[in-house]
Amino acid sequence: MTRRSFIIGTVSAAALIGIWELGSLAVDSPFILPAPFQVFADCLSLLSDRTFQGTVAATCIRGMLAFSVSLAFSFIFGFASGMNADVTAALKPWMSAVKATPVVAFILIALLWFGSSMVPVFVSVLMTLPVMTESIAHGVRSSDPKLLEMARVYHYRKRDVFFNIRLPSAMPFFLAGAGSSLGLTWKVVVAGEILSSPKYGIGSAMQTAKVHLETSRVFSLTIVAILLSVATELLFDRLVRASRRWLGQEDS
């Protein structure tokens, strides 16, 4: 990020907070729209609470578990789909059905099948699976046809074709799809926690705050969820950059 971009982003964030403050003053009701200072103070008190740290940890575990499972299945389905048109045809109805079904419907169905702690994980895997699978499949299909023809002519082993042609071609698409899915994972996990209400979780805490009419607490919990998503995306970006350096594919 350049210095100019950082300054513009900071000014934009400050303007957003200013609009929020003006809106709070105009509404003049903390129950409807609490002031930014009140929300930030509550957010700081939450982050310093050891009990709440366990709540955040529970959401982190669910999010990372869902992301890991989705990553593994997407890798398998994506490569199979990218290399075989029949697999693509077989997966298309399933992926289309998942993408067309509302998240809430999956959460309600999952509540009948699983315990409350596993509902966010199950739903998050379903919602992110099509995103990463299609991204990887597109990357596999974009393999250089000349390289594939050369491998066929010289009778390259399938293993060598996979690791030397297919995998390098798919990696940029795989990383892009994984980055997009990571942000979606946190949204779905928190939404699942709100409806399934496991014992610990940011979404469960939001539901409790809503029942007790604690609007500022709902806002502060939302900020914590945003910070969690941003932190993991920044960490993932660092891992991507490190992997590109290790593979010698760093952007010039």
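Derivation of every value follows stated rules applied to the coordinates shown; laboratory data play no part. Bear in mind that the values here come from a model prediction, so they are computed numbers and not experimental data. Every residue, glycine among them, receives a Cβ derived from its backbone with ideal geometry; neighbour counts consider all protein chains shown.
The count of lysine pairs in region 35-247 with alpha-carbon distances below 24 Å, taking only pairs 8 or more places apart or on different chains, stands at 5.
About the Cα centre, and with charges only on the beta carbon of Lys, Arg (+1) and Asp, Glu (-1), how big is the dipole of region 35-247? Nearest 20 debye, please. Kindly include the intermediate steps, with their values, before the conclusion.
Numbers: 19 positive and 11 negative charges, 118 e Å.
With only Lys, Arg, Asp and Glu charged at Cβ, the dipole is about 560 debye.
Each Lys and Arg Cβ is given +1 and each Asp and Glu Cβ -1; about its Cα centre, region 122-162 then shows a dipole of about 200 debye. Across region 230-242, rounded Karplus estimates of 3J(HN,Hα) from the backbone phi angles (6.51 cos²θ - 1.76 cosθ + 1.60, θ = phi - 60°) give 5, 4, 5, 5, 5, 5, 5, 4, 5, 5, 5, 4, 5 Hz, Gly and Pro being marked x.
Only one residue of Gly23, Gly78, Ile109 has its Cα farthest out toward the positive end of the dipole of the chain, where Lys and Arg carry +1 and Asp and Glu -1 on Cβ, and that residue is Gly78.
Note on the chain: GNM, Cα springs under 10 Å; of Ser68, Ser29, Ser169, the largest mean-square fluctuation is that of Ser29.
Taking one quarter of the surface of the C-alpha convex hull of the chain gives a mean projected area of 17.5 nm². Among Ala100, Ala191, Ala137, the residue with the largest mean-square fluctuation in a Gaussian network model of the chain, with springs joining Cα atoms closer than 10 Å, is Ala100. Estimated from helical segments only, the mean residue ellipticity of the chain at 222 nm is -28000 deg cm²/dmol, where each DSSP H run of four or more residues counts as -39500 (n - 2.57). The GNM of the chain, with springs linking C-alpha atoms under 10 angstrom apart, assigns the highest mean-square fluctuation among Leu195, Leu239, Leu221 to Leu239. Using the Cβ-Cβ distance between Arg4 and Asp237 with R0 set to 25 Å, the FRET efficiency works out to roughly 0.80.
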